[in-house]
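Accompanying notes for the structure given below.
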Amino acid sequence: MKGFGRYVIFLGSLFVRRETFKTYYNLTLEECAQIGLKSILLFMLVSTFMGAVTTIQTAANLVSPFVPRFVIAQVVREMTVLELAPTIMAVIFAGKVGSSMAGGLGTMRITEQIDALEVMGINSASYLVLPKIIASLLMYPLLVIVAAVCAIMGGYLVGSLTGALTPTEYVYGIRYTFNPYFISFALTKSFMFAFLISSISSFKGYYTSGGALEVGIASTNAVTTSIIAVLLSDYFLAYLLL
Amino acid sequence: MIKINTITKSFGDKTVLNGISGEFEKGKTNLIIGSSGTGKSVLLKCIVGLIHPDTGNVFFDLRNFTEADKEMKSEIRREIGMLFQGGALFDSKNVEENVMFPLNILTRMSEADKIERVNFCLKRVGLEGVNKKMPSEISGGMKKRVGIARAIVNNPNYLFCDEPNSGLDPQTSVVIDELIMEITHEFDITTVVVTHDMNSVLGIGEKIMFLYKGSKLWEGSNNDLTHSGVKELDDFVFTNKVMRGLKGA
């Protein structure tokens with residue numbers, strides 16, 4: 001509970017003694033490039049394979065002649081939109097971006113760079129962390145959309161190449177009884193996950209004390225805690241919104 | 001002038017600073033000296049506001065910094081320059097961006113004026129032509145100089161240096177010490193240096209405060225150091241044969 005209290009106070013401190021809008025604007029753009037552009041290839045690669053594997057495994061399991069083949073595409077669509085793109089990608093996001101945030105802030109802490117900002121009269125938490133959170137909120141939903149598209153494309157390619165289902169069946173399955181609310185649900189989840197991962201990782205990094213070993217521990221803790229928070233919130237969001 | 005009044009700080013059961021009072025004079029290099037673990041850095045952090053003391057106050061030219069509101073604190077902090085032990089340069093920024101950083105945040109100077117000021121400060125610390133180098137590409141001594149340039153770029157009234165010589169060779173240490181002293185006199189600022197380097201103590205210690213186990217045991221100048229009559233200070237200063245020889249002479 002003490003840790004949670006510190007986390008809440010930390011979040012509150014992001015909004016006091018702020019710098020100018022221009023400062024945050026520039027920092028947020030830098031963070032967007034750092035978070036978005038440097039993660040997109042990994043996201044595309046993982047999600048394409050994820051879609052491909054889901055297609056093959058679903059095809060292998062749907063052996064009944066009474067189930068039409070286009071259902072494979074339907075399963076891929078629902079799994080991708082509802083869970084694989086927002087949640088599994090969140091685990092990857094925590095591993096790549098979250099650990100980098102915690103490591104970066106932890107290093108800044110132990111090398112007194114954060115103290116240097118404070119001595120200059122700058123609210124270091126707000127200056128360093130707020131742009132990271134805003135950039136994550138902007139970029140993660142976009143990455144999730146890219147991941148979903150890539151996963152569906154991966155399924156299409158593998159389905160066509162292996163003959164599990166025809167391209168026409170796949171496209172028909174993707175469009176069949178499509179519920180647009182699921183997209184809103186996935187994006188709501190992605191906003192929540194982006195906030196949790198960026199804020200928890202920053203919190204862990206910001207309060208690092210000690211040396212290089214502690215920076216490593218902070219990075220690991222950031223990933224572990226973020227993933228647990230993501231999975232818990234995933235359950236509650238599914239319970240509340242579906 | 002900076003005045004500290006009965007500063008006390010404890011971490012858990014351990015009292016690190018025990019009612020320290022004193023004055024740091026303007027236009028002089030004021031040294032806080034003592035062995036490792038005596039609370040020098042904690043005192044410095046209490047003075048600049050990185051640590052809040054349990055009791056006591058810090059006055060910057062009669063302005064109570066410890067009990068000041070956020071606006072007043074921010075105003076005083078804009079008059080502070082600080083050199084950290086490891087330089088504390090921002091890894092992601094090059095030398096020029098590091099030195100320019102306080103100007104970007106704290107002033108509304110034009111880009112041309114900022115570059116002119118940065119070049120002036122880099123020249124003042126003996127670094128020219130390194131503007132575009134990253135902190136990882138320069139030596140420890142150069143990092144300290146860049147740290148000094150960043151500390152003075154916004155024309156501070158107060159300069160704080162936390163162990164400016166740590167990790168430097170004796171020759172570079174002397175250069176950094178002399179630079180700090182020159183800047184103090186040239187810009188007539190109040191400089192506080194935390195050190196346990198005896199060369200610094202003897203070289204630039206215009207006013208010295210000696211801490212021992214969290215308490216102030218002695219205050220004076222480098223000229224008075226050899227005849228302080230304080231055993232703990234003598235033990236600290238005359239640790240090796242060379243220094244003991246100096247005392248004998």
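Return a yes/no flag: does the range A:118-134 have any residue that is aliphatic (A, V, I, L, M), in a loop (DSSP other than H, G, I, E, B) and within 13 Å of chain B (Cβ to nearest Cβ). Yes. Filtered by the rule that a residue be buried (at least 16 other Cβ atoms within 10 Å of the Cβ) and among the small types (G, A, S), the range A:205-215 gives a lone residue, A:G205.
Residues of the range B:24-76 that are within 14 Å of chain A (Cβ to nearest Cβ), in a loop (DSSP other than H, G, I, E, B) and either under 13 Å from the mean Cα position of the chain (by Cα) or in contact (Cβ under 8 Å) with a residue 24 or more places away in the chain (or both): B:G49, B:I51.
Let's see how each residue does on (1) out of contact with any Cys (no Cβ under 9 Å at 6 or more places or on another chain); (2) not small (G, A, S):
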site	(1), (2)
B:S36	yes, no
B:H52	no, yes
B:V58	no, yes
B:A68	yes, no
B:M72	yes, yes
B:E79	yes, yes
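For the range A:167-185, check the following and say yes or no: at least one residue is touching a Ser or Thr at 6+ places or on another chain (Cβ under 7 Å), without any contact (Cβ under 8 Å) to a residue 12 or more places away in the chain and part of a helix (DSSP H, G or I). Within the range A:167-185, one or more residues are touching a Ser or Thr at 6+ places or on another chain (Cβ under 7 Å), without any contact (Cβ under 8 Å) to a residue 12 or more places away in the chain and part of a helix (DSSP H, G or I). Kindly indicate whether B:T15 is out of contact with any Phe, Trp or Tyr (no Cβ under 8 Å at 6 or more places or on another chain), β-branched (V, I, T) and either outside the structural domain of B:E232 (by TED's automatic domain parsing) or farther than 23 Å from B:I189 by Cα (or both). For B:T15, the condition - out of contact with any Phe, Trp or Tyr (no Cβ under 8 Å at 6 or more places or on another chain), β-branched (V, I, T) and either outside the structural domain of B:E232 (by TED's automatic domain parsing) or farther than 23 Å from B:I189 by Cα (or both) - is met.
Picking from residues in the range B:82-100 that are within 8 Å of chain A (Cβ to nearest Cβ) and buried (at least 16 other Cβ atoms within 10 Å of the Cβ), the one that is nearest to B:P156 (Cα to Cα) is B:M82. Within the range A:96-111, can one find any residue that is out of contact with any Cys (no Cβ under 6 Å at 6 or more places or on another chain), within 14 Å of another protein chain (Cβ to nearest Cβ) and not in a helix (DSSP H, G or I)? Yes, because at least one residue in the range A:96-111 is out of contact with any Cys (no Cβ under 6 Å at 6 or more places or on another chain), within 14 Å of another protein chain (Cβ to nearest Cβ) and not in a helix (DSSP H, G or I).
For (1) among the hydroxyl-bearing types (S, T, Y); (2) surrounded by fewer than 21 Cβ atoms within 10 Å (Cβ to Cβ); (3) in contact with a Leu (Cβ under 8 Å, 6 or more places away or on another chain), each residue gets a yes or a no:
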| residue | (1), (2), (3) |
| --- | --- |
| A:I88 | no, yes, no |
| A:A94 | no, no, no |
| A:V97 | no, no, no |
| A:E118 | no, yes, yes |
| A:L128 | no, no, yes |
| A:V144 | no, no, yes |
| A:M153 | no, yes, no |
| A:Y170 | yes, no, no |
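Summed over the range B:164-196, residues that are surrounded by 20 or more Cβ atoms within 10 Å (Cβ to Cβ) and not hydrophobic (A, V, I, L, M, F, W, C) total 8. Criterion applied to B:K132, B:K123 was being more than 13 Å from chain A (Cβ to nearest Cβ) and part of a helix (DSSP H, G or I), and the one residue passing it is B:K123. A single entry from B:C121, B:C161 fulfils the requirement of being within 14 Å of the chain's Cα centre (by Cα) and in contact (Cβ under 8 Å) with a residue 24 or more places away in the chain: B:C161.
Here the range B:77-101 is the region considered, the condition is being among the charged types (D, E, K, R) and assigned to a helix (DSSP H, G or I), and the residue that is farthest from B:K123 (Cα to Cα) is B:R77.
Assessment of the range A:204-213 against the conditions (outside any helix (DSSP H, G or I) and in contact with a Gly (Cβ under 8 Å, 6 or more places away or on another chain)) yields at least one matching residue. Among the residues of the range B:102-113, none qualifies, meaning not one is in contact with a strand residue (DSSP E or B) (Cβ under 8 Å, 6 or more places away or on another chain), more than 12 Å from every other protein chain (Cβ to nearest Cβ), not in a helix (DSSP H, G or I) and not aromatic (F, W, Y). How many residues does the range B:83-138 contain that are under 24 Å from B:E186 (Cα atoms) and among the acidic types (D, E)? Here the count works out to 4. Restricting to the range A:102-116, name every residue that is surrounded by fewer than 20 Cβ atoms within 10 Å (Cβ to Cβ) and polar (S, T, N, Q). Selection gives A:T107 alone. More than 27 Å from B:I105 (Cβ to Cβ), small (G, A, S) and over 15 Å from the mean Cα position of the chain (by Cα) - does that describe any residue in the range B:1-10? Yes, the conditions are met somewhere in the range B:1-10.
The values are calculated or read from the model by the stated rules, or taken from the named source; none is laboratory data. Just so you know, these numbers come straight off a predicted model, no measurement behind them. Please note: Cβ atoms are built from the backbone with ideal geometry, for glycine as well, and neighbour counts cover all protein chains shown.
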